[in-house]
Amino acid sequence: MGIKHTIEFVRKDFESNGYQLLSDEYVNCKQKLKFKCNNGHIHFIGYSMWRSGRRCGLCSVTKKKKIEEIKNSFEKEGYQLLTMEYINNNQKLMFICPNNHKHSISYGSWYIGSRCGLCKLTKKKTIEEVSESFKKERYKLLTTTYINSRQKLKFICPNNHKHSISYDAWKMGERCTFCVGTNKKTIEEIRKAFGKENYQLLTNEYKNAHDTKLKYICPTGHSHQITWMDWAAGNRCRFCGIKRSAQKRRIDINLIKKSFADEGYRLLVTKYKNAQQRLEYICPNKHRHYISWSNWCGGKRCPHCIKLATKTFNEVKEIFNAEGFELLETEYHDSRQKLNFICPRGHRHNITFFLWSKRGIRCGVCFREDRVGANHPMWKGGLKPTPYCLLWINKEYREYLNERDKDKHCWNPQCQSKTKLVGFHHINYNKKDCDPLNIIKLCRSCNGTANANRDWWQAFYAEIMRRRFDNGK
């Protein structure tokens, strides 16, 4: 289990970067901490994200970096940038480091502090460097030999506690567990902590903070269990938490009564339990009925009033006649009944009054006729599908393309699709031009995207193919 930091330690870390921490309590590394950055933005961040290099989210919403800016950033640290074009912060940028290693890194990784991966593999800290790092914080290192960053290093802290820590943990900001108060607890210490909040601890043996389930009885009499890690993070009785959460969500009966009164309904119920409870009422037309709060919020009202508002046969017939439709039915039951009719164009069809009145639907045959040919929104002047060239169906030609482009699933560097379906795309959109330089392998998603904004995609994919074959790939 990692060390839990104190609010003072976190605040000091923020202030060292010019940030002002506004939160007064620290629970764990996933808690959203409120802060004010050096540009005056007020925002939130988890401490785990802060330690990984993230900072103010409002400051980061800026324009895209230019290749010149990135090049200057590399040169300041003695790196030579080889990539000439910048697409996004996930793109691999080729470079030569000060130790003449040729490698690549994304700008996202460079921004959070990552550097040459080959240097990292070869450069190992000496015991003198580690000792100096401990001395800066007034720790005395007792270990005399340094093996690797996971080795347990014995030390004496400024408060004379003797303990050990790995150099990886030291770099992450962990320090003496006795000073921070995260050393392993005894069962007596845990029992005392439970007793302060009137919890009765039933467990008599404690192994560790992560796995040991501590059985207890809470102040309200609930019997349950919890790990010490969850208790230290601020969690308590689950049943009490559910009850408090339900009480916060529960709507006041006066609010429900006001909602009913606003529409002329009189609520007869005086207590509210939950959204499924049947609430008895008297509607504006003096009908006595009931409804749940969830159905009321969904727009439902008195069913008796709805029946009274049902259209008569003559009313429905007049509505049809007003638009030149001839109703063939002789009686009307409800809005779901299929009503046969003859439309103004002479088509015989049927429809429910619900679809007629609520959705505005009319004759289905007329609708299909009006979307044929030039009336269809996808009409392109009667063009026939363009045939492919004969080479396209040649087996050896297809095998050559598959072998040439086998290195990547999709040759679009911006592809984020997870589909396994792939195909070949004609870059200039001419299906008869089967020149290998005009063919590029794309996933189904990128191939479909290329049908819009064609001029841009044509230039984009043409440049990719030019660079590939100029470099002998």
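Quick note: the coordinates plus some simple rules give every number you see, no bench work behind them. Source: prediction; values computed, not measured. Heads up, the Cβs are rebuilt from the backbone with ideal geometry, glycines too, and the neighbour counts pull from every protein chain shown.
Per-residue ellipticity at 222 nm from helix content only, as computed over the chain with -39500 (n - 2.57) for each DSSP H run of at least four residues, stands at -8500 deg cm²/dmol. Seen from TYR139, the other residues with C-beta closer than 13 Å to its C-beta sum to a net charge of +4, counting Lys and Arg as +1 and Asp and Glu as -1. Based on alpha carbons, the Rg and Dmax found for the range 67-122 are 10.2, 31 Å.
Of the listed pairs LYS124/LYS154; LYS4/LYS154; LYS30/LYS124; LYS66/LYS124; LYS4/LYS152; LYS32/LYS162, which have alpha-carbon separations greater than 23 Å here?
LYS30/LYS124; LYS66/LYS124; LYS32/LYS162
The phi torsions of the range 458-469, fed into the Karplus equation with coefficients 6.51, -1.76 and 1.60 and a -60° offset, translate into couplings of 4, 5, 5, 6, 5, 5, 4, 5, 4, 5, 4, 7 Hz, rounded to whole numbers, with Gly and Pro shown as x. Applying the criteria of a DSSP loop state and at most 13 other Cβ atoms within 10 Å to the GluC sites (Glu not before Pro) of the range 108-173 yields GLU137.
Label zone (ASP370, point 7 Å along Cα-to-C-beta; backbone nitrogen cut-off 15 Å) within the range 314-332: 323-325. The GluC sites (Glu not before Pro) of the range 188-231 that DSSP puts in a loop, and whose beta carbon has at most 10 other beta carbons within 10 Å, are GLU205. Which net charge results for the neighbourhood of ASN159, defined as the other residues with beta-carbon distances under 14 angstrom from its beta-carbon, given Lys and Arg at +1 and Asp and Glu at -1? The answer is +3. Under a cut-off of 18 Å between alpha-carbon atoms, report the lysines in cross-link reach of LYS441, not counting same-chain residues fewer than 8 places apart. In chain and number order, the partners are LYS395, LYS406, LYS408, LYS418, LYS420, LYS431, LYS432, LYS473. Please give the net charge around ASN314, taking every other residue with its beta carbon less than 15 angstrom from that of ASN314, where Lys and Arg add +1 and Asp and Glu add -1. Summing Lys and Arg as +1 and Asp and Glu as -1 gives -3. Legend: Rg and Dmax of the range 390-470, from Cα coordinates, 12.1, 33 Å.
Remark: the range 74-83, residue by residue, has Karplus-estimated 3J(HN,Hα) of 5, 5, 4, 10, x, 8, 10, 7, 9, 5 Hz, where x stands for each Gly or Pro and the curve is 6.51 cos²θ - 1.76 cosθ + 1.60 at θ = phi - 60°.
With the cut-off at 1.5 for a/c, could you classify the range 267-364 from its C-alpha gyration tensor as rounded, prolate or oblate?
Numbers: a/c = 4.25, a/b = 2.73, b/c = 1.56.
Prolate, because a/c is 1.5 or more and a/b exceeds b/c.
Close amide H partners of SER166, meaning residues 5 or more places away or on another chain with modelled amide H under 5 Å apart, are LEU153.
Would you calculate the volume per residue, in Å³, of the smallest convex hull containing every Cα atom of the range 380-434? Mind dumping the intermediate values first?
Values: hull volume 7.2 nm³, N = 55.
Convex hull of Cα atoms, per residue: 132 Å³.
Histogrammed with a bin width of 20 Å, the alpha carbon distances of the chain distribute as 13, 26, 31, 25, 5, 0 percent, first bin at zero.
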